[in-house]
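Trainee: Below you will find the structure I want to go over with you.
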2 protein chains.
Amino acid sequence: MAVGLPTEAKVVNIGLSWFAESIRAQGGDVEHVDWRIPADGDHVVVAALTRLYGPASGRVESANAEVLRRLDRGVALLHDIRPAIDVVPGVTDRTLLHCGPAIDWPDVCDPLRRSMRAAVVAEGWAPDVEHADRLLAGGEVTLAPANLHATVVPMASAIGPSAPVYVVTNADGPTTAFAPISQGPGEVAWFGRETPAAIERLRFLRDVAGPTLRDVVRAAGPIDVFSLATQGIHMGDDLHMRTQATTNLLIRTLLPQLMDVGGRAGRELGRFLAGNHLFFLTIAMAAAKSLTLWAEQVPDSGIVTTMARNGTTFGIRLAGSQRWSITDAPPVQDALYYAGQGPETSAKDIGDSAVLELVGLGGPAAAGSPAVAAFLGGTMADARRATEQMVAICAAESSRFTLPVLDGRGTPVGVDVRKVVELGITPKINTGILHASDGSGQVGAGVATAPPACFVDALLDLDRRLSG
Amino acid sequence: MAVGLPTEAKVVNIGLSWFAESIRAQGGDVEHVDWRIPADGDHVVVAALTRLYGPASGRVESANAEVLRRLDRGVALLHDIRPAIDVVPGVTDRTLLHCGPAIDWPDVCDPLRRSMRAAVVAEGWAPDVEHADRLLAGGEVTLAPANLHATVVPMASAIGPSAPVYVVTNADGPTTAFAPISQGPGEVAWFGRETPAAIERLRFLRDVAGPTLRDVVRAAGPIDVFSLATQGIHMGDDLHMRTQATTNLLIRTLLPQLMDVGGRAGRELGRFLAGNHLFFLTIAMAAAKSLTLWAEQVPDSGIVTTMARNGTTFGIRLAGSQRWSITDAPPVQDALYYAGQGPETSAKDIGDSAVLELVGLGGPAAAGSPAVAAFLGGTMADARRATEQMVAICAAESSRFTLPVLDGRGTPVGVDVRKVVELGITPKINTGILHASDGSGQVGAGVATAPPACFVDALLDLDRRLSG
């Protein structure tokens, strides 16, 4: 049910859930009822929706409630940084963990190919990117979706076994998730670059940043990731496109340990952190994944617990199912581009960072972020509309990620596949945009709209499972 | 003229300026005209207002325009940290610079007395606070208002000659202003404490923080204070009651130099900065003072360029005049208190930090600050009303301090004594509250309302000067 936000206090859209669930108390006056034909009138889909809102709704609602509790209440603690091969389950030598659903080399998009080649060289498996390409094309490197190894990687990331990863544990699960250290701006592999500088950055992370930050994190003690994120949202972060405030909060929190590093490592790490305002991004991603890993153990739910893109395909999974629903990756719309760039030079939507949108961060938190507003039309009202769209398709509101501009209302949490299909509104994902082909890296940033087809597929599968 | 803010688009109050200046184009529909008797109908004051809006208005407007240009356009660079005696004009041995207007020892309020005694001990002029009290009571220490020495000090601060001060220069003046390093939270003299820990903090600032931060600032190069403040406002700071975001931005900016400190000084400074979210407060104050020093050189203006309190009296000065208009310090209203505290245990409004309210920070920036909103009723609408009140009595809007929640509108700048007196609305100052008598330090925080009497006095003096 799509309910307008407090200062507007109007119902925006009313569809099948409204009549199926019976009229509930409204948050305010109904000003305008824009009834749409559910699921565009597709009778197979409407029949599935009718079952999932009707006879099966008890099971679904009960499962959803537990999934929502896990997404909303899990406490994610960052407590270590280790080489992937030491901690990530199933990682062996000659494996690259990549963003998005599983993919074979011939289908890998240009920026991700470059990132993979850079990782192969940084691992020492090949002396240069040409040799790396031959190894990859020859099937001599195993490509594995990070998501299936409790790991999430941003944009066009591919990480080798030696890459340092954050270790974030949700003690209530217990579930532990991993994500690489943010590579920062500029010539970097996660933006689809494979220059010597991009490869050198991977080595710097492995040899300097990883071990140093490991010591810092261990000395500081476990860090409550979402406690910092909550403060960051009150300071204009959405925690996806913008993590400036939360990055800075973390740095001030760790300052005593950082200032204790000293020497050349201290100087290099200091410069790296000072220039990396997206440093917190992958920490937030690992924390989000530690919650979705817990939530996905619940069967029979219609809540999305995996949403990832590799630049070629876009895939989701529902809690309680290992099945991927996959479709083509969409372009990134509502975008701002660097000079000379535009849709024609842009790769498709890519990265695992959409895990943030599943726990109430990113698009759901847009309303509070002036920086995100700049990509959505320029005003805070534009940003608020992005959050309102997520309210329409989410099952709950966060009890911790509150939005001062909405008088403390929580960000929407828990993408409900029934609402998505019924209303034809899919999640908005705040993200960067990479060059489609020339290896020049980031060309802009904007908002991707998840493609509807995979949600329809997931809904029909849920209906089949519950009817079986 | 009081104009409602964009999303409301209504004229709120219309008084003498409206008919005196003739009708100008309005920003939106006039919904409600609440005409008040100007200056409560006091015929002497009305006569002065009539001259200042009438025959003298050309001179005043012209002077105001130049004052506003200086307050809005000056670029304040932090470039050094030095002991006060080395850089602050007129500081000699056995001098304490204190907040607010000039004051004699018998009239000094309890928290400021304690702060002065702590400073005397830290300077080594007395072995303990009892001896310090005798020196102060005996007139053996010169008490001087910091404001008359190009310096501003927060809350109940009193600083001795050895105290390290920020050196902030507005190159366009050129005008240079000074402020001490923020003492941080807890047992600290600026909160009216004189415990051994409070005295030790002063020594730490002199012996460790001052010299170390001096090296850091010199190595980093000049820091554009208002560039950071502009970003901080977009992250929920008002730069007075809340400087968390801007403090963190500064720390990340300085991180390479901070991480180069090393040793015991590095560890101690790291802990100090990690626990001091108001660290940026005094940097912002020094920067604001460097602009008001420039603006106050302009004669014939009705814009306030000094506003300071010592816990006993509240004083203002207009640009172009050395004359103080002084009245009793007010209590702090709209406050939140620590448990067991309240108006009856609260000292009166104190400190030089109100200089921030003169350049578009603090109260004028309340609308964008969730943290400040908590002190004003809890909602962002409450915070917006605080900014609206400043809009009513200010002569311009900042070109650099913009408020995303008001669609990028600038914060109000330049308190116009004519508008204050005409409308009976005085500046709101976001501030802390100290215990009135027991030396326990901060008891809460809130919003002080400047007392009207000193504005009336300043207006009458301006009228006399322009009529002479």
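Trainee: Show me, for segment A:84-91, the HN-Hα J-couplings you get by feeding each phi into the Karplus relation (A = 6.51, B = -1.76, C = 1.60, θ = phi - 60°), rounded to Hz, glycine and proline as x.
Mentor: Going residue by residue, I get 3, 4, 7, 10, 7, x, x, 8 Hz, with x marking Gly and Pro.
Trainee: Right, next: Which FRET efficiency value, to the nearest 0.05, do you get for residue A:51 and residue B:218 by plugging their Cβ-Cβ distance into 1/(1 + (r/R0)^6) with R0 = 60 Å?
Mentor: E between residue A:51 and residue B:218, to the nearest 0.05, is 0.25.
Trainee: Something else about it: Given the -39500 (n - 2.57) contribution per DSSP H run of 4+ residues, what per-residue ellipticity at 222 nm results for chain B, rounded to the nearest 500 deg cm²/dmol?
Mentor: Per the formula, -11000 deg cm²/dmol.
Trainee: What is the sum of charges around residue B:279, taking Lys and Arg as +1, Asp and Glu as -1, for the other residues whose C-beta is under 14 Å from the C-beta of residue B:279?
Mentor: Summing Lys/Arg as +1 and Asp/Glu as -1 gives +4.
Trainee: Hey, any idea what % of chain B's accessible area is carbon plus sulfur with a 1.4 Å probe?
Mentor: 52 percent
Trainee: For segment A:76-286, count the residues as N, evaluate 2.2 N^0.38 Å, and divide the Cα radius of gyration by that value, please.
Mentor: Scaled against compact globular proteins, the figure is 0.98.
Trainee: Another question, then. Dipole of the protein assembly as shown, Cα-centred, from +1 at each Lys and Arg C-beta and -1 at each Asp and Glu C-beta, to the nearest 20 debye?
Mentor: With only Lys, Arg, Asp and Glu charged at Cβ, the dipole is about 940 debye.
Trainee: Can you work out ³J(HN,Hα) from phi for every residue in segment B:403-408, in order, using Karplus 6.51 cos²θ - 1.76 cosθ + 1.60 and θ = phi - 60°, giving whole Hz and x for Gly and Pro?
Mentor: 10, x, 5, 10, 6, x
Trainee: Further, regarding this structure: Find the centroid of the Cα atoms in segment A:154-183 and in segment A:422-468, then give the distance between the two in whole Å.
Mentor: Computed from Cα coordinates, the inter-centre distance equals 22 Å.
Trainee: While we're on this one: Antiparallel DSSP bridges in the protein assembly as shown: what percent, to the nearest 5?
Mentor: 85 percent
Trainee: Mind giving me the nanometre distance, one decimal, between the label points for residue B:43 and residue B:344, set 7 Å out from Cα along Cα→Cβ?
Mentor: So the label points at residue B:43 and residue B:344 sit 4.5 nm apart.
Trainee: For segment A:382-464, what is the convex hull volume of the alpha-carbon atoms per residue, in Å³?
Mentor: Measuring per residue, one finds 129 Å³ for the Cα hull of segment A:382-464.
Trainee: A further question on this structure: Quick one: label points 7 angstrom along Cα→Cβ at residue B:124, distances to the other copies in nm, smallest first?
Mentor: From this label point to the equivalent ones elsewhere in the assembly: 5.7 nm.
Trainee: In Å², what does the accessible area per residue of segment B:76-286 work out to with a 1.4 Å probe?
Mentor: Using a 1.4 Å probe on heavy atoms only, each residue of segment B:76-286 averages 31 Å².
Trainee: Sticking with this one: Taking Rh as the Kirkwood radius computed over C-alpha pairs, what is the Stokes-Einstein D of segment A:292-424 at 20 °C in a medium of viscosity 1.002 mPa s, expressed in µm² per second?
Mentor: My calculation gives 136 µm²/s for D.
Trainee: Ok, one more. Given an 8 Å cut-off on Cα distances and at least 6 residues of separation, report the relative contact order of chain B as a percent.
Mentor: Answer for chain B is 19 percent.
Trainee: Over the Cα atoms of chain B, how large are the radius of gyration and the largest Cα-Cα distance (Dmax), in Å?
Mentor: Taking only Cα atoms of chain B, I get Rg and Dmax of 21.4, 68 Å.
Trainee: To the nearest Å, what is the center-to-center distance of segment B:274-316 and segment B:240-255, using C-alpha atoms only?
Mentor: Comparing the Cα centres of segment B:274-316 and segment B:240-255, I get a distance of 19 Å.
Trainee: Something else about it: I need the inter-copy label distances for residue A:200: point set 7 Å along Cα to C-beta, values in nm with one decimal, smallest first.
Mentor: List, nearest first: 4.6 nm.
Trainee: Right, another one. Rounded to the nearest whole Å³, what is the per residue volume of the convex hull around the Cα atoms of segment A:170-317?
Mentor: Roughly 126 Å³ of hull volume per residue.
Trainee: Which three numbers, in whole Å and largest first, are the semi-axes of the equivalent ellipsoid of the protein assembly as shown derived from its Cα gyration tensor as √(5λ)?
Mentor: 53, 34, 24
Trainee: From the label point of residue A:171, set 7 Å along Cα to the beta carbon, how far off in nm is each other copy's matching point, shortest first?
Mentor: Ordered by distance, the counterparts are at 5.3 nm.
Trainee: Moving on to the next point. Provide a list, ordered by number, of residues in segment A:246-264 showing at least 40 Å² less accessible area with every protein chain present than when their chain is taken on its own, using a 1.4 Å probe.
Mentor: A:248, A:252, A:255, A:256, A:259, A:260
Trainee: Quick one: 3J(HN,Hα) in Hz for segment B:47-57, Karplus 6.51/-1.76/1.60 with θ = phi - 60°, rounded, Gly and Pro as x.
Mentor: Along segment B:47-57, the couplings run 5, 5, 4, 4, 5, 6, 8, x, x, 8, 5 Hz.
Trainee: Now, a different point. Could you size up the charge dipole of segment A:76-286 around its Cα centre, putting +1 on the beta carbon of Lys and Arg and -1 on that of Asp and Glu, and report it in debye to the nearest 20?
Mentor: Result for segment A:76-286 is approximately 460 debye, rounded to the nearest 20.
Trainee: If you don't mind, another one. Please report Rg (one decimal) and Dmax (integer) in Å for the Cα set of segment B:78-190.
Mentor: Expressed in Å, the Cα Rg and Dmax of segment B:78-190 come to 13.7, 46.
The values are calculated or read from the model by the stated rules, or taken from the named source; none is laboratory data. Treat the numbers as computed from the prediction; the structure is a model and nothing was measured. A quick note on method: Cβ atoms are made from the backbone with ideal geometry, for glycine too, and the neighbour counts reach across all protein chains shown. The accessibility values were calculated without ligands, DNA or RNA, using every heavy atom of the protein model including side chains. Shrake-Rupley method; radii C 1.70, N 1.55, O 1.52, S 1.80 Å.
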